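What follows is one structure encoded as structure tokens, with my remarks underneath.
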Amino acid sequence: MKEIISTSKAPGAIGPYNQATALANLVFTSGQIPLIPETMELVEGGIKEQSKVVMDNLKAVLEEAGSSYENVLKTTCYLSDMDNFASFNEVYAEYFKAETAPARATVAVKTLPKNVLVEVDAIAFKN
């Protein structure tokens, strides 16, 4: 049976979805954007500041699901501008070691919710 994952340590859903769902040992997160969980306001700053908040929010959802960055199998990363790719990678590399990093797709999109610069979702397994 599908399990709904929810934590106050990450932004609440801003639409008809959940922060994550799990089935058996797998966790599927919704895309995280750079909202500050306590205020639901966008973080100020550029791609690096936004990427850090996104990755911290994703970590909170994974931990609530009984998982961690070490258990992530795949991420999908959405950038509003591929010119931000290198700066995004610098932050992303702080959360994943190259030798154990998950599979990943990175795509440029025309716009993201609330006109943010970055969004990331993940598929992981539970600890």
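The values are calculated or read from the model by the stated rules, or taken from the named source; none is laboratory data. On a predicted model such as this, the values are computed, not experimentally measured, just so you know. Positions of Cβ are backbone-derived with ideal geometry, glycine not excepted, and every protein chain shown enters the neighbour counts.
So for segment 30-40 (the condition being of a type in the set (A, V, I, L, M, F, W, C), in a strand (DSSP E or B), touching a strand residue (DSSP E or B) at 6+ places or on another chain (Cβ under 7 Å) and in contact (Cβ under 8 Å) with a residue 24 or more places away in the chain), does at least one residue qualify? So far as segment 30-40 goes, yes, one or more of its residues are of a type in the set (A, V, I, L, M, F, W, C), in a strand (DSSP E or B), touching a strand residue (DSSP E or B) at 6+ places or on another chain (Cβ under 7 Å) and in contact (Cβ under 8 Å) with a residue 24 or more places away in the chain. Against the criterion of being more than 13 Å from the chain's Cα centre (by Cα), surrounded by 16 or more Cβ atoms within 10 Å (Cβ to Cβ), touching a residue at least 60 places away in the same chain (Cβ under 8 Å) and not in a strand (DSSP E or B), S51 does not qualify. Against the conditions (1) modelled with pLDDT under 95; (2) assigned to a strand (DSSP E or B), G12 satisfies every one except (2). Look through segment 67-106, keep the residues that are in a strand (DSSP E or B) and touching a helix residue (DSSP H, G or I) at 6+ places or on another chain (Cβ under 9 Å), and return whichever of them is surrounded by the fewest Cβ atoms within 10 Å (Cβ to Cβ). Step by step, filter segment 67-106, then rank; the result is R104. The residues in segment 51-74 that are among the charged types (D, E, K, R) and in contact with a strand residue (DSSP E or B) (Cβ under 7 Å, 6 or more places away or on another chain) can be counted, and the count is 2. Keeping to segment 54-66, report how many residues are of a type in the set (K, R) and either on the phi > 0 side of the Ramachandran plot or part of a strand (DSSP E or B) (or both). Qualifying residue count, segment 54-66: 0. Among the residues making up segment 107-123, those that are touching a residue at least 40 places away in the same chain (Cβ under 8 Å) and either in a helix (DSSP H, G or I) or of a type in the set (G, A, S) (or both) are P113, K114, A122.
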